[in-house]
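Single-structure report; data block below.
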Amino acid sequence: MAKTPVRVAVTGAAGQIAYSLLFRIANGDLLGKDTPVILQLLDLPQALNAVNGVVMEIDDCAFPLLAGVVITDDPEVAFKDADIAILVGARPRSKGMERADLLAANAAIFKVQGAALNKAASRDVKVLVVGNPANTNAYIAMKSAPDLPAKNFTAMLRLDHNRALSQLAAKAGVAVSSLEKLAVWGNHSPTMYADYRATTANGESIKAKINDEAWNRDTFLPTVGKRGAAIIEARGLSSAASAANAAIDHVRDWVLGTNGGWVSMGVPSDGSYGVPEGIIFGVPATCENGEYTVVKGIELDEFSKERFKITLDELLSEAEGVADLLK
Ligand code: NAD
Ligand code: LMR
């Protein structure tokens, strides 16, 4: 029997990330080659003409799995009965701009969109926030959607995770596909802590293989943390195809499972690892039957505790910065 189409809402549909993301969703990369999808696309009124153009191109691909497209500037229409909502639409960082500058510009958007999700989306909607600052935007959306389970709101740490995998594989001379058990903790920002103490390649400790603490501290962590800025510097635009790819990885694994493997996701804290409840914090997780489970019981050594505190403090100050908006 034919499957019921899954409703996938994407915001920022005229933007550069969406230009990579939408075609892959319609092609079945998100939910599998047997699952039809309906795309529900949101952007600002002045961008709808550009969205129309993107949809002409989507039409021209004749994707067999595409069961419908909605184009709108109304968040409630975009999120109506949405099973999945990928919130990309936001102002991206430009050259010389700090992520903190984005906070004020983008916070209001996520309040409105959280309220619209609360009103219109499926009660099981899986929300991924990509637009920066992603963790705090997800926090605002979650707080603005009191009738939806908090666990439905997640932020994207998967790009940091994939960047870290690629750097580790190159350093250790192993295949990316051989790596398991990487954890990226905290905020999607230069403070994130990519922790490879538990990572293995073909079952062997990658930390023992690399055996270079100075590289970890002085090269690896800064490279992963500042990769977004390096791409903006080189391209003049923020990362787009790799961000779209990470969004696909995040949602696909959440829906279809990780088969025991670890992925990094920004999820509302349940208080574990000393992170105050509700703060959207990057953690290692496994996914099964459409649910994620945080990997518990990882011991933090002194260096890890330091790094953990830096990224947590940043998130706490971002949460404080938007407290008034949430009253
Ligand atoms: P872009 O400027 O190309 O596109 C953004 C789109 O969002 C535009 O079409 C704009 O009109 C739309 N938009 C703005 N406000 C909106 C609103 N209120 N409702 C709906 N749409 C709205 O930007 P981009 O390169 O696609 O990046 C989008 C966001 O993703 C930025 O915030 C960027 O910093 C972020 N990003 C996050 C990650 C991550 O790993 N979490 C990675 C890369 C980029
Ligand atoms: C990235 O990590 O590439 C994005 O978050 C863009 C940015 O502003 O760093």
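The values are calculated or read from the model by the stated rules, or taken from the named source; none is laboratory data. The structure presented is a predicted model; accordingly, all values stated were derived computationally and were not measured. So basically every Cβ, Gly included, is an ideal-geometry build from the backbone, and we count neighbours across all protein chains shown. The area values use the complete protein model at the heavy-atom level, side chains included, leaving out ligands, DNA and RNA. Shrake-Rupley method; radii C 1.70, N 1.55, O 1.52, S 1.80 Å.
Condition (residue is on the phi > 0 side of the Ramachandran plot, without any contact (Cβ under 8 Å) to a residue 24 or more places away in the chain, out of contact with any Leu (no Cβ under 6 Å at 6 or more places or on another chain) and away from ligand 1 (no atom under 16 Å from the Cβ)) applied to the stretch 215-236: is it met by at least one residue?
No.
Please determine whether any residue of the stretch 118-141 is within 14 Å of ligand 1 (Cβ to nearest atom), among the aromatic types (Phe, Trp, Tyr) and open to solvent by less than 20 Å² (accessible area, probe 1.4 Å). No, the stretch 118-141 has no match at all. Where helices (runs of 4 or more DSSP H) fall wholly inside the stretch 130-244, the ranges with 3 or more residues that are touching a His at 6+ places or on another chain (Cβ under 9 Å) are 158-172.
Residue by residue through the stretch 67-101, note down the ones that are part of a loop (DSSP other than H, G, I, E, B), buried (at least 18 other Cβ atoms within 10 Å of the Cβ), of a type in the set (A, V, I, L, M, F, W, C) and within 16 Å of ligand 2 (Cβ to nearest atom). Scanning the stretch 67-101 gives Val88, Ala90. The test for being surrounded by fewer than 16 Cβ atoms within 10 Å (Cβ to Cβ), among the polar types (S, T, N, Q), in contact with a strand residue (DSSP E or B) (Cβ under 7 Å, 6 or more places away or on another chain) and on the phi < 0 side of the Ramachandran plot holds for Ser272. Being closer than 19 Å to Gly131 by Cα, modelled with pLDDT under 95 and within 10 Å of ligand 1 (Cβ to nearest atom) is a description that does not apply to Ala78. If we scan the stretch 256-266, do we find a residue that is touching a residue at least 40 places away in the same chain (Cβ under 8 Å), over 19 Å from Ala164 (Cβ atoms) and more than 13 Å from ligand 2 (Cβ to nearest atom)? Checking the stretch 256-266: at least one residue is touching a residue at least 40 places away in the same chain (Cβ under 8 Å), over 19 Å from Ala164 (Cβ atoms) and more than 13 Å from ligand 2 (Cβ to nearest atom).
State yes or no: is Leu117 assigned to a helix (DSSP H, G or I), at negative phi, within 15 Å of ligand 2 (Cβ to nearest atom) and of a type in the set (A, V, I, L, M)? In short, no.
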